[in-house]
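Working notes for the structure below.
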Amino acid sequence: MAVAVAGYAVAPLVAVGRTAMTAARRAARPWLRPSLRRRLGAALAIMSLIGFLGIAGSGETIHNVFFNDGAQYCEGIQRELPALPSPAGGCISYSDSARVTSVIIMIAGLALMIWSWWLLAGWALGPLSATAETVRRLGPQNLGQRIGLSGGDDQFKELADAIDDALDRLAAGYESQRRFAANASHELRTPLAVQRLLTEVALDDPDASQDLRRLGAQLLRTNEHNEQLIEGMLVLAESDRGLQGKAPVRLDELAGKVIGQHDDQAVRHQVTLRRTLRAATVAGDPVLLERLIANLLSNAIKYNEPGGWIETEVRPGAEGHGGTLIVRNTGVLIPAEAVPVLFEPFRRLGADRVAGKGGVGLGLAIVRSIVTAHQANLQARPRQAGGLEIAIDVPGK
């Protein structure tokens, strides 16, 4: 009976205790995920406490060290403690020792306060550094990455969420633009193919006049130019999308294959192809890497000069990882400040460089996009004797 009564008496206390614990957990939850205001508030509170304790503890010492007469201070102390002999035979009073010790303590305390503030500021601003690092890694190939900052609803999280929302809109617009370019290119392929077929059929007619044949030949050249433009836009859209996967690729073998495919074009332009190919394995998309080398060689052939040369070199990367592709060629003199312009879509060096070359202005832009997709490094510089030298470091992983 007594046990039952005790149980009934304790039950309300247990319920009250549970309610109090729940309320305490709810109250402490925001402090377990501190906001920016709480972080800075805690930092200021700690620094204020340190400063208060330092001032309270050293106030009397500072007064005695800097404002009291050293001799009087020494006489008061020496009633209980004798003077300390110095190595020089003189006398260093206790007040002199206290003066030096106090200065050392104050300097050490100041250094400790500065170091504590540095650590606390780093802790308080940690989310901002993490946000900046994430934003720094963003690019066309990884627009799906988000900051996703967790924690309390503070200014940092509000900023991170706003950036994530902006990236959502940017990714949607970028994907829409890429999809439009790809769809438009696909849709234009069919009428161009029909146009080429009809022109060829008309030219095969034995009764076709000379004027018709000249017009047909001009139409075929224009049609070929448009097909190259559309093909370049498709490749550019796909390479801007990024890599779906990577595979080991022998860069030297791929370069040798592409060089062989350009032998006839080089002969027509009276250009000599040279090669120095050492074994190098890189990680990437073999189709895009083949297009990269082909664009570099086609560009070097088109904008070369009769009797010129093109040298293609492949060498392994540091410690056997990855490889470097270098394409050097003769040609016209190129100003150093004009080199970046060559890698922009539909941008050329000048009319004299393009006239009669048959280019569409996408060759090197596609090269740059493929390099970015492979997270490779591209360096281009003009040669003093004319022409260009392009070096591309492709990683092995």
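Rundown of residues vs (1) in contact with a strand residue (DSSP E or B) (Cβ under 8 Å, 6 or more places away or on another chain); (2) among the small types (Gly, Ala, Ser); (3) within 14 Å of residue 390 (Cβ to Cβ), yes/no style:
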| site | (1), (2), (3) |
| --- | --- |
| 264 | no, no, no |
| 277 | yes, no, no |
| 302 | no, no, no |
| 319 | no, no, no |
| 334 | yes, no, yes |
| 337 | no, no, no |
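Contact map, region 204-224: first residue in a helix (DSSP H, G or I), second residue among the hydroxyl-bearing types (Ser, Thr, Tyr), Cβ cut-off under 6 Å, separation 6 or more or different chains; pairs are 216/199; 219/199; 220/199. Contact annotation: residue pairs with Cβ atoms under 6 Å, 6 or more positions apart or on different chains, pairing a residue in region 97-121 that is over 13 Å from residue 46 (Cβ atoms) and in the same structural domain as residue 46 (by TED's automatic domain parsing) with a partner that is at pLDDT below 70 and assigned to a helix (DSSP H, G or I), are 99/65; 102/61; 102/65; 109/54. Evaluate region 379-390: report whether one residue or more is over 26 Å from the mean Cα position of the chain (by Cα), β-branched (Val, Ile, Thr), modelled with pLDDT of 85 or more and crowded, with 21+ Cβ neighbours inside 10 Å. The answer is no; no qualifying residue exists. Screening residue 298 with (1) part of a helix (DSSP H, G or I); (2) in contact with a strand residue (DSSP E or B) (Cβ under 9 Å, 6 or more places away or on another chain); (3) not acidic (Asp, Glu) gives one miss only, at (2). Scan region 86-101 and tell me whether some residue there is in a helix (DSSP H, G or I) and at pLDDT 70 or above. Taking every residue of region 86-101 in turn, at least one turns out to be in a helix (DSSP H, G or I) and at pLDDT 70 or above. Restricting the first member to region 290-319 and to residues that are free of Cβ contacts under 8 Å to residues at least 40 places away in the same chain and at positive phi, and the second to residues that are among the aliphatic types (A, V, I, L, M) and part of a strand (DSSP E or B), no beta-carbon pair is closer than 8 Å while six or more apart or on different chains.
Residues in region 341-360: is at least one out of contact with any Phe, Trp or Tyr (no Cβ under 8 Å at 6 or more places or on another chain), crowded, with 21+ Cβ neighbours inside 10 Å and either at pLDDT 85 or above or not aromatic (Phe, Trp, Tyr) (or both)? Taking every residue of region 341-360 in turn, at least one turns out to be out of contact with any Phe, Trp or Tyr (no Cβ under 8 Å at 6 or more places or on another chain), crowded, with 21+ Cβ neighbours inside 10 Å and either at pLDDT 85 or above or not aromatic (Phe, Trp, Tyr) (or both). Within region 298-326, the residues that satisfy the criterion of being within 20 Å of residue 377 (Cβ to Cβ), of a type in the set (A, V, I, L, M) and touching a helix residue (DSSP H, G or I) at 6+ places or on another chain (Cβ under 7 Å) are 314, 325. All of 314, 258, 267 fail the test of being assigned to a strand (DSSP E or B) and at pLDDT 90 or above, apart from 314.
The values are calculated or read from the model by the stated rules, or taken from the named source; none is laboratory data. Since the model is a prediction, treat every value here as computed from it, not as a measurement. So basically every Cβ, Gly included, is an ideal-geometry build from the backbone, and we count neighbours across all protein chains shown.
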